[in-house]
1. Starting from the Cα of GLU272, step 7 Å toward the Cβ, then list every residue of region 313-351 with an amide N under 13 Å from that point.
2. Sort 225-234, 327-336 by the packing proxy (mean of other Cβ within 10 Å over each peptide's residues), most packed first.
3. What residues from region 346-376 fall in the zone where the backbone N is under 18 Å from a label point 7 Å along the Cα-to-C-beta line of VAL329?
4. Over 22 Å between Cα atoms, which of LYS110/LYS210; LYS204/LYS410; LYS269/LYS362; LYS13/LYS256; LYS22/LYS73; LYS3/LYS362 qualify?
5. Determine, at each q value in 0.09, 0.10 (inverse angstroms), the log₁₀ of I(q)/I(0) that the Debye formula gives when each Cα of the chain is one equal point scatterer.
6. Expressed as a whole percentage, what fraction of the accessible surface of region 277-435 belongs to carbon and sulfur atoms when a 1.4 Å probe is rolled over the protein heavy atoms?
7. Regarding region 148-189, what whole-number volume in Å³ per residue does the convex hull of its Cα atoms give?
8. State to the nearest 20 debye the size of the charge dipole of region 16-155 about its Cα centre, where the only charges are +1 on K and R beta carbons and -1 on D and E beta carbons.
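The values are calculated or read from the model by the stated rules, or taken from the named source; none is laboratory data. All of these numbers come straight from a predicted model, not from anything done at the bench. Virtual Cβ from ideal backbone geometry, glycine too; neighbours counted across all protein chains shown. Calculation scope for accessible area: heavy atoms of the full protein, side chains included, ligands and nucleic acids excluded. Shrake-Rupley method; radii C 1.70, N 1.55, O 1.52, S 1.80 Å.
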Amino acid sequence: MDKFRITGGRALKGRVSISGAKNSALPCMAAALLSPETVTLHNLPYVRDIITQRRLLEDLGATVLTPELRTHKISASHIELFEAPYDLVRTMRASVLALGPLLTRFGKAKVSLPGGCAIGTRPIDLHLIAFEKLGAEVKLEAGNVIARAPSSGRLIGGEIHFDKVTVTGTENVMMAAALAKGRTVIKNAAQEPEIEDLAELLNKMGARMKGAGTPVIEIEGVEALGGAEHTIIPDRIETGTFIVAAAITGGELEIKSCRPEHITAVIHKLREAGVEIEELNQSTLYVRRSNGGLKAKDVTTEPHPDFPTDMQAQYMALMTQAEGESHIVETIFENRFMHASELIRMGADISISGNTATVRGKTKLMGAKIIASDLRASASLVLAALCAEGETLIDRVYHIDRGYETIVRKFRSLGADIQRISESIAIAADAAEAHTK
Ligand code: UD1
């Protein structure tokens, strides 16, 4: 397993461009399954999850051409398999996004249940209840979800009220309802920018939906969808991560190709905490830590448009460098504080009680050997290491490869001392170290 070796203490300076949003790219790729015509997607981030999603589409029978690194031309004219197998769902939960498109276009779909993951149980019960509301028969068999459309072969529009806001659940239902017979209304829908991006693509393909980005989405089902060309929105979580990187290292960054309006809650909170964030134009931010230093500010994660759970870990790393005590409340996922124990090993003063982390700052962080546990936790550990004294070795960085494009290259271009050590070299280095002890 690859590791990162980071020597902290350098203020990051320079310009960085934000990549396409992984969480928008994944549903948009799945949406290509809805049509026999080609869907061309631009600005896909070059990250592991996109490669996994591509593999899933190809396993199902789709053809994926890559005329350029970040462009996929997906043609699902000959789908032969209607199943997302366990080995893919296990590595990437978002493969459940194949369920809605397969079920609605072909009348059948089988997806392995995602099961537990590092940040909690993450069930898909709400997706399944919604499919049943659209007339599907849903069975659980040997760890798989097997869904079938009614005997007419087509799902039937209906009213769906999600008990809890679910992002991929909303996306799955939007895709399923796009080809259902009649009208579907999704209430308590997720409002994330990725939902709007997916709706934009679906409407370009010929779907008839409105209200994406609000809690109520209305969809008038159509009989068939066509091809389309679409550019994925910039990654708001990567944007937030670089804002924190500037602040935590006391540096100055120009962050380009981003959409500040997608992270207003993050920008607002970070400004309160003493980060200077200026919108140079609609797609560029200038960020630095204000002269007064960082102040502790409480935060609670909530569905969009509030503070995203995917920025919680990075915010915790930042709060270790703020004066005072901050409370971080995680309301979306249980068990999403695993980065805390690693930050504590680096010298942070953090205690956890239920879904609240209390961070007492400012603490000096020291380099250590630490382990990444999930995608956003790894980002927070990289941020902590960038401001720590001495060398940090982060293990299991495959988590970060799932969602951050060329992170090592991006940080190095800003002056960070960060290196990827591939497995064989890491083993040799460990052996040499053991030998000298
Ligand atoms: C998506 C994002 C992920 C982000 C999360 C919350 C993608 C690919 N991933 O994940 O990065 O952290 O939104 O913003 O877009 N739940 C149920 N039953 C369900 C579905 C969800 O109980 O059927 C619960 C979950 O366990 C969780 C909450 O609802 O507690 C929100 O989950 P959800 O919005 O579905 O997260 P994902 O779509 O998996």
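1. Within reach of a label on GLU272, which here means backbone N under 13 Å from a point 7 Å along Cα→Cβ, region 313-351 contributes 326-329.
2. In decreasing order of mean packing, 225-234, 327-336 become 225-234, 327-336.
3. 351-360
4. Values: LYS110/LYS210 29 Å; LYS204/LYS410 33 Å; LYS269/LYS362 18 Å; LYS13/LYS256 13 Å; LYS22/LYS73 17 Å; LYS3/LYS362 27 Å.
Beyond 22 Å between Cα atoms: LYS110/LYS210; LYS204/LYS410; LYS3/LYS362.
5. Normalising to I(0) and taking log10 leaves -0.57, -0.70.
6. Of the solvent-accessible surface of region 277-435, carbon and sulfur hold 48 percent.
7. 68 Å³
8. It comes to approximately 180 debye.
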